[in-house]
Amino acid sequence: GERTPMTVQSGQNFPIPGYVRQVLDTLERAGWEAWLVGGCVRDHLLGRPAKDYDVATNAPPERVQGLFPVVAPTGLAFGGVTVVLEGGRVEVTAFRSDRGYSDGRHPDAVAYGATAREDAARRDFTIGALFWHPRRGLYDPTGQGLADLEAGVIRAVGSPRLRFQEDALRILRAARFAAQLGFSVEAETRAALGACAPGLARVSRERVTGELLKLLTTPYPQRLELLGECGALDLLFDGRMLPHRRRDYTLAAKVPLSPGVRLAAFCLGTGLPLSVLKQSLRLPGALAREAGDLLTLGLRRPSGDPLWLKARLARYRPETVLSALHLWQAAQGEDLSGARRALVRILAAGEPIRVAQLAVDGRDLLALGVLPQEIGGCLGALAMLVLAYPRCNNRDFLLSQAGFICQIGTGVGPTT
């Protein structure tokens, strides 16, 4: 679905936590200028809860450090420190202007003593260059940030090409903000995405991975199309996806908001092999395994038959099996609500599904005389029997069947 139009709230009555106000007041009592800036201001105006708070000030970082008892020099080289107070942490960054980005990420030099207007000019997007103060209210240095919020538009500050040449990760951030908010990308900014996409080759895989995972887990992951159209995805994945006209970017929007499920849907919708995804990104191992399991399950037509479901539950977590049903339904358009209900009934019944739930274990089989190398296969066979006939999970019965299974498998049966 597309974005529901948002009503931009008044800049007044911004409910900020006490520890944030303490930072503003402390800076101002010392004679410095201080504003809230960036995402917290944007989110307040859109009626969204703020995740964190950033303060911009004309105080140099060393002066900020002297005003608070606990300060972490998290971004000291670029004018930023983290003030740690009892209520939380606040990022405090000095107004600055940047000079050169020869590494395609960091400014070669920063100059302090800038004004709030000059500080806004080096930021990436107009909706993130809004300032707010408890007494002064809203300040929109670019003159476009508030209008772009109201219109639902992502627009680069100043020259889009310059912003993306400074740091190509901003290309992914443009698509991610569009996906988070359901916004569109302004025409000149959108054109610059493609023109500057080759710069992504200089961005670390860790930063690319972080942005793509954030984008995939937004309300509008279909905004991935922005990156497909500008060629960014082909650059990142070595042209191993389906031709653009055949890709389905909507698939990720039809499955639950979970990183593993969204990754699997991204692979299915774009034809991207999981192996290429893992080579190109820096995925956490557990996340890559989850996506792999989902693709293994989601490429075969599922069944609502209890035995089929229980056989999958014996190998995969219940959440994985349920997600695979969602993935197949999204990809094939087949209603699997009956299979999901059957899965819930199986889980609620608490029937034995895994080897660990059998009434016998390896020690029992050893005592029976089963050879050590045959125990795993024998337990697996017993588990399949119990999957089909849950009432057979009885110690004496399973021991009798174990002897029979080993006799068939080896021709001699357990030793006596």
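The values are calculated or read from the model by the stated rules, or taken from the named source; none is laboratory data. None of these values were measured; they are calculated from a predicted model. So basically every Cβ, Gly included, is an ideal-geometry build from the backbone, and we count neighbours across all protein chains shown. Protein only, heavy atoms only, side chains kept; ligands, DNA and RNA dropped before computing areas. Shrake-Rupley method; radii C 1.70, N 1.55, O 1.52, S 1.80 Å.
Just one of Val276, Val255 is more than 18 Å from the chain's Cα centre (by Cα), within 21 Å of Glu211 (Cβ to Cβ), open to solvent by less than 40 Å² (accessible area, probe 1.4 Å) and of a type outside the set (Gly, Ala, Ser); which is it?
Val276
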Review point. Is it fair to say Arg63 is surrounded by fewer than 20 Cβ atoms within 10 Å (Cβ to Cβ), modelled with pLDDT of 95 or more and out of contact with any Leu (no Cβ under 8 Å at 6 or more places or on another chain)?
Key: no
Check your understanding: If only one of Val153, Val185 is open to solvent by 10 Å² or more (accessible area, probe 1.4 Å), modelled with pLDDT of 95 or more, under 28 Å from Asp238 (Cα atoms) and of a type in the set (Val, Ile, Thr), which one is it?
Key -> Val185
Check your understanding: Restricting the search to the range 78-108, which residues are at pLDDT 90 or above, part of a loop (DSSP other than H, G, I, E, B) and not small (Gly, Ala, Ser)?
Key -> Leu85, Glu86, Phe95
Review point. Residue check: is Ala168 open to solvent by 10 Å² or more (accessible area, probe 1.4 Å) and not basic (Lys, Arg)?
Key: no
Check your understanding: So which helices (runs of 4 or more DSSP H) are wholly in the range 255-302 and hold at least 2 residues that are closer than 18 Å to Tyr316 by Cβ?
Key -> 259-270, 285-298
Check your understanding: Being free of Cβ contacts under 8 Å to residues at least 40 places away in the same chain, open to solvent by 70 Å² or more (accessible area, probe 1.4 Å) and more than 16 Å from Asp124 (Cβ to Cβ), is that true of even one residue in the range 209-225?
Key -> yes
Revision key, fill the gap. Subset of the range 297-306, residues under 27 Å from the mean Cα position of the chain (by Cα) and open to solvent by 60 Å² or more (accessible area, probe 1.4 Å), comes to Leu299, Arg300
Point to revise | Selection count, the range 346-380, where residues are over 44 Å from the mean Cα position of the chain (by Cα) and over 16 Å from Ser400 (Cα atoms) | key: 1
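With buried (at least 19 other Cβ atoms within 10 Å of the Cβ) and over 24 Å from the mean Cα position of the chain (by Cα) as the only criterion, which of Pro134, Pro141 stands out? Before you say what the answer is, go through the steps one by one.
On the way: Pro134 fails: buried (at least 19 other Cβ atoms within 10 Å of the Cβ).
After ruling out the rest, the residue left standing is Pro141.
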Review point. So how many residues does the range 44-60 have that are open to solvent by 20 Å² or more (accessible area, probe 1.4 Å) and in contact with a helix residue (DSSP H, G or I) (Cβ under 9 Å, 6 or more places away or on another chain)?
Key: 8
Review point. (1) modelled with pLDDT of 90 or more; (2) farther than 18 Å from Pro141 by Cα; (3) surrounded by 14 or more Cβ atoms within 10 Å (Cβ to Cβ): which one isn't true of Gly75, the others all being true?
Key: (1)
Review point. Within the set of pairs 6 or more residues apart or between chains, which connect a residue that is hydroxyl-bearing (Ser, Thr, Tyr) inside the range 188-201 to a residue that is outside any helix (DSSP H, G or I) with Cβ atoms less than 7 Å apart?
Key: Thr189/Ile154; Thr189/Arg155; Thr189/Ala156
Point to revise | Flag for Leu385 being of a type in the set (A, V, I, L, M, F, W, C) and closer than 19 Å to Trp308 by Cα | key: yes
Review point. Under 6 Å by Cβ, and 6 or more places apart or on different chains, what pairs join a residue from the range 237-253 that is without any contact (Cβ under 8 Å) to a residue 24 or more places away in the chain and charged (D, E, K, R) with one that is assigned to a helix (DSSP H, G or I) and surrounded by 18 or more Cβ atoms within 10 Å (Cβ to Cβ)?
Key: Asp248/Gly269
Practice item. Go through the range 279-295 residue by residue and tally those that are free of Cβ contacts under 8 Å to residues at least 12 places away in the same chain and either open to solvent by less than 60 Å² (accessible area, probe 1.4 Å) or within 23 Å of Leu379 (Cβ to Cβ) (or both). Key: 1
